[in-house]
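Read-outs: derived from the displayed coordinates by stated rules, not from any lab. All values reported here derive from a predicted model rather than from experimental measurement. FYI the Cβ positions are ideal-geometry reconstructions off the backbone, even for glycines, and counts take in every protein chain you see.
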Amino acid sequence: MTDTDLTLRRATDADWPAIIAADARAFAFIHPLDAEAEADIRSKLRDSDVVVVYDDSGPHGSVLAGVAMFYRMTLTLPGGTRADLPGLSWVSVAATHRRRGILRMMITELFDQWEREESVFSILTASEATIYERFGYGPACFEQSASIDLTKAELRDPPPSYSPVRFATDEQVRELVPDLHDRWASMNPGAIVRSRVWWNMIFADREMLRDGRSALHYLVHPDGYASYRINHVDGESRAEVSEFVAITDTAHTDLWRVLLGLDLTPTVTASIPVDDPLPMKLTNLRAPTVTAIKDSMWLRIIDIPAALEARTYSEDFDAVLEVTDTFRGNGGRFALSVRDGQATATPTEEPATVRMDVSVLGSIYLGGYRATEFAAADRLWAADHTTLCDLDQAFLTDRKPFSGTFF
Ligand SMILES: CC(=O)SCCNC(=O)CCNC(=O)[C@H](O)C(C)(C)COP(=O)(O)OP(=O)(O)OC[C@H]1O[C@@H](n2cnc3c(N)ncnc32)[C@H](O)[C@@H]1OP(=O)(O)O
C-alpha cells in the first residue's frame, strides 16, 4: 500500500454499513451498533463532517481503512461564555492499516476544515492518553469514579421535614431535565451544552446501551436531577448513577439524601467532579471510595489569541506568552493583558515571560490543571516565581471543570 492507494473523502449514505462494522471492530464491541444506535449518531451530525479513507490496493477491491467524524458542539468557558466547537469522535483505523499515518491524514484534513471555519477550539474524549497530545490536545476535564458504601454513608445534616425530590415520569423528565441541565451548564466551565438531538438519544434509553442493566430512573428537584440504573453484580444490587446535576448546594444534598437511602442497593457508584463536596457532607469520609480518576475531556486551542480573550480571569495579569504548536504552526508570542477579568491578547516580538506547549495551555485553560503543576513537571516555564504565581492565580476557576457528556 502506498499513499496513492489511499482515497480520503467525505462520507455518503452508502459508507455507513462499512463505518458501523469498522467502528465495532476498532472499539471491540461484541455486537455492532444496531439500526437505532446508528440513527442516533447520524442524527447528531452531517455526513459532510465525516471523513473516510479507502484503500484501493488489495486483492478484494476497495476497503474502508479509516474513519473520523466530529459533532458541532457547545462548551461553557470560565466566565460563562458559550463556545461553538467541533468535538472529534468515532476515530478508527482498521487493525490491518495501523501506524501508517492514516489517523494523521484524517486529523490534518479536519484541522484544515476547522481553521477555514475559524474554530477557536476543538474537544474530544480520548480512548487512550498517549494519542492526542501530538495534535495539540491537552487533558482539560477530569472526573472521579466513586463507589459509596451505603452501610457507612450518612449525611451530617439531619433529614429535613420536607424534601422536594420526586421520581419523575417520562413526560416530566422530558419537560424538566433539559432546562435543569442547561442552567447547570451555564455555571460550570467545561460543561457541554446539549441540543435537542442529544436529549432525544438520552431519553430513548436504548436497550443496547443498557448493557444488561435497568432502564434509567430519574429523580428531579427544582434545582437539579439525578438518573441511575440498577445493576446486579455478584448477586448484589447496585445503583449506578448515570448523571448527577445540582445547581445549588441544597439540591446536591437533597438528591444525594435520596440516593444514599436506596436501602436494598448496598452500593451506589457515580462519576463526580474531583472537587465534589459529597465526602465533606458525610459523617464518615471513607464511605465513598474513589476507584479511579479519569481524564474525561481533552481541549485543543486552535486560535490562541481568540481563546485567551474568550474566557474570564480571576486576577489582573500581564505576560508575554510563548506557545508552541508543532502540529499546526498556530503558536507564537502573545502579549496577554488581563484587567477586571477580561483579556486582550496580541502578537508581539517582546521576549517571553511564560512558555508552554499548546496542549499545556489547553490543560490549564478551563482550570482543570494549575499552571504551577505544569511548572513543577517542567512543562511550563515562567521568567520568575511571581510571574508563575500570578499566572496560576489568573487562570484559577471557582470550581473544577466538569464536562458531563461522553461522546
Ligand atoms: C477521539 C476518539 O475517537 S478516541 C478513539 C481513537 N480510536 C481508537 O482507540 C480505536 C482503536 N485504535 C485505532 O483505530 C488506531 O490505532 C488509532 C486511530 C488510535 C491510530 O490510527 P493510526 O492510523 O495507526 O495512527 P497514525 O499512524 O496516523 O499515527 C499518528 C501518530 O500517533 C501515534 N499513535 C497512533 N496510535 C497510537 C496509540 N494507540 N498510542 C500512542 N501513539 C499512537 C503514532 O505513533 C503516530 O505518531 P507520530 O506521527 O508522532 O510519529
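When Rg and the Kirkwood Rh are both derived from Cα coordinates, the Rg/Rh ratio for the range 3-124 amounts to 1.00. Report for the chain the percent antiparallel among DSSP-assigned beta bridges with both residues inside it, nearest 5. So the antiparallel bridges amount to about 90 percent of the total. Simple point charges give the picture: +1 on the Cβ of Lys and Arg, -1 on the Cβ of Asp and Glu, and for the chain a dipole about the Cα centre of about 560 debye. Neighbour counting of Cβ atoms within 10 Å sorts the residues 81, 291, fewest neighbours leading, into 291, 81.
For the residues 246, 383, 153, a GNM of the chain with alpha-carbon springs under 10 Å puts the largest fluctuation on 383.
Entry note, the chain: relative contact order of 18 percent, from Cα contacts under 8 Å with a spacing of 6+ residues. Evaluated with a Cβ-only charge set (Lys, Arg +1; Asp, Glu -1), the range 262-304 carries a dipole of roughly 120 debye about its Cα centre, given to the nearest 20. Ranked by the mean number of other Cβ atoms within 10 Å of their residues, highest first, the peptides 68-76, 54-62, 8-16 come out as 68-76, 8-16, 54-62. Using only the Cα atoms of the range 303-395, each taken as one equal point scatterer with no solvent, compute I(q) by the Debye sum, divide by I(0), and report log10 of the ratio at q = 0.16, 0.21, 0.25 Å⁻¹. So the normalised log intensities work out to -0.56, -1.04, -1.58.
When shorter helices are ignored and each DSSP H run of at least 4 residues is given -39500 (n - 2.57), the per-residue value for the chain at 222 nm works out to -8000 deg cm²/dmol.
Dipole orientation for the range 1-159: of the candidates 22, 130, 120, 130 has the Cα lying most toward the positive pole (charges on Cβ; Lys, Arg +1; Asp, Glu -1).
The distance from the alpha carbon centre of the range 79-147 to that of the range 183-209 is 20 Å, rounded to a whole number. Note on the range 303-395: with charges restricted to the Cβ of Lys and Arg (+1) and Asp and Glu (-1), its dipole about the Cα centre is near 260 debye.
Overall form of the chain: oblate. Here a/c, set by the Cα gyration tensor axes a ≥ b ≥ c, is 1.5 or more, and a/b is not larger than b/c. Among 359-371, 136-148, 207-219, the peptide with the highest mean count of other Cβ atoms within 10 Å heads the list, and the full ranking is 359-371, 136-148, 207-219.
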